[in-house]
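The values are calculated or read from the model by the stated rules, or taken from the named source; none is laboratory data. Note that the structure is predicted; figures quoted are calculated from it, not measured. Reconstructed Cβ throughout: ideal geometry from the backbone, glycine too, with neighbour counts over all protein chains shown. Side chains included, ligands, DNA and RNA excluded: accessible areas come from the protein's heavy atoms. Shrake-Rupley method; radii C 1.70, N 1.55, O 1.52, S 1.80 Å.
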Amino acid sequence: MATWVLSECGLRPLPPMFPRPRTGSISCTKSSSINSTFLSSDLKSFQQQTRFQCCSFKERRRSWEIKVSVPLRVGTIEEEEEEEGIINGVVEKREVCEFDPGAPPPFKLSDIRAAIPKHCWVKDPWRSMSYVVRDVVVVLGLAAAAAHLNNWIVWPLYWAAQGTMFWALFVLGHDCGHGSFSNNPKLNSVVGHLLHSSILVPYHGWRISHRTHHQNHGHVENDESWHPLPEKIFKSLDNVTRTLRFTIPFPMLAYPIYLWSRSPGKTGSHFHPDSDLFVSNERKDVITSTICWAAMASLLVGLGFVMGPIQLLKLYGIPYVLFVMWLDFVTYLHHHGHEDKLPWYRGEEWSYLRGGLTTLDRDYGWINNIHHDIGTHVIHHLFPQIPHYHLIEATEAAKPVLGKYYREPKKSLPLPFHLIGDLMRSMKKDHYVSDTGDVVYYQTDPTLGGSSTSI
């Protein structure tokens, strides 16, 4: 390694390299310094060693060249010390503040939108329909195979697979409701009604309430699904209701009840055109969906007489229950259960962007493709118009803008059993939020098995 450098005064030795002390983790609550006056004495010694008479070199005309590469500019020792935080012989620690997820983000919604490639916004109705055909073929094939084999080794496997496929049908109907299925509202409505009615979901009634959920995500009072209960409402619940809401597996069976009577503290029904959920010009849509739902319910009753109630229960009833559990499981975990405390907002602190940034992505392993990448939930919540088959690419493009406001999901094994632990931990501690304050966090009721009063 070279130890001499050519300067305009001749040859002189390179400065010796002194390792500078490094400190441990940095906090913004404490500030400390390390006396480094030894640097001053070493620097004086170095200056004495490097003094060199160069007059003879200046007067001598150079008749030779050395082809070397040198930096355009070499920083001074003072600049290096300033960069390292050395002031008057003292090494100072730089303050690094802890990230606050409740703080307003340093970017705008338009910044995220600009980072997403333009083709991610393009809706391809043929591609969307191909997923519908795929899922319907799988559903019919599973039912035919189970009915043909008809043994108790096959039935549990069928229930798990068919319940998951019912959930996949729901996700495609969900895309119709957002308009990300195609740019044709009539096509979206027809496909959405066929898919959702087949699994006993009132398409327009749910579509409208889900739109309310997206428009108010992260808002304590105005959010629609799986929002936190304010303390006053939580403490007004009777013991049975409170236990059912926070004791597994009962919360995972809540969706049909929600369709009929919504969440605690809210009134109305997804089936009734005069519900608080809807405005007057949405009455016809709600009535249409309720009629389609009733037609499907009547068809199931008729099939019960044809094939018998036990066979209907095995082919449709149990898969429907598992579909409901999938829906509640996924919906809950996209808004709760993260290892870090996440804020909920009200009043002037809430905004569409800040509310959307509290949602969570989840990895479901092999199920990701089956349920159409619904686990990429952050970008979907901010931009529900993006088709599901572009969500992964859009998320990757947006990550540099989101920074720490994006929480990388835990990698899953082929089946997402790890999420069951996240669900159970959240049910034990995420019970209610304060009635006051515009930025609030979940608190724990110790009577429900929690070990602390807040997270």
Above 23 Å lies some portion of the pair distances; for segment 268-359, what is it as a whole percent of all C-alpha pairs?
58 percent
For segment 331-375, how big is Rg over Rh, using alpha carbon atoms and the Kirkwood form of Rh?
1.07
Keeping every protein chain present and rolling a 1.4 Å probe, give me the accessible area per residue for segment 125-443 in Å².
44 Å²
State which entries of Lys266/Lys410; Lys232/Lys429; Lys235/Lys341; Lys235/Lys266; Lys341/Lys410; Lys123/Lys284 exceed 24 angstrom in Cα-Cα distance in the structure shown.
Lys266/Lys410; Lys123/Lys284
Cα pairs beyond 25 Å in segment 310-454, in percent, come to 38 percent
Cα gyration tensor, segment 162-253 - rounded (a/c under 1.5), prolate or oblate
oblate
Karplus (6.51, -1.76, 1.60) ³J(HN,Hα), θ = phi - 60°, over segment 171-184, in Hz, Gly and Pro reported as x:
4, 5, x, 4, 5, 4, x, 7, x, 8, 6, 6, 8, 9
Solvent-accessible surface (1.4 angstrom probe) belonging to Ser298, in square angstrom, nearest 10:
80 Å²
Solvent accessible area, Å² - Thr212, 1.4 Å probe, full protein context
30 Å²
How do the peptides 193-202, 132-141 rank, highest first, by the average count of neighbouring beta carbon atoms within 10 Å per residue?
193-202, 132-141
Remind me, relative contact order of segment 125-443 in percent, using alpha carbon pairs under 8 angstrom and six or more residues apart?
22 percent
Ordering Trp167, Trp126 by the accessible surface of their heavy atoms, 1.4 Å probe, largest first, yields Trp126, Trp167
Per the charge dipole of segment 125-443 (beta-carbon charges, Lys/Arg positive, Asp/Glu negative, Cα centre), the residue among Leu312, Pro387, His217 reaching farthest to the positive end is Leu312
Can you give the charge dipole size of segment 125-443 about its Cα centre, rounded to the nearest 20 debye, using +1 on the beta carbon of Lys and Arg and -1 on the beta carbon of Asp and Glu?
420 debye
Rg from C-alpha atoms of segment 125-443, normalised by the globular rule of thumb 2.2 N^0.38 Å, equals 0.99
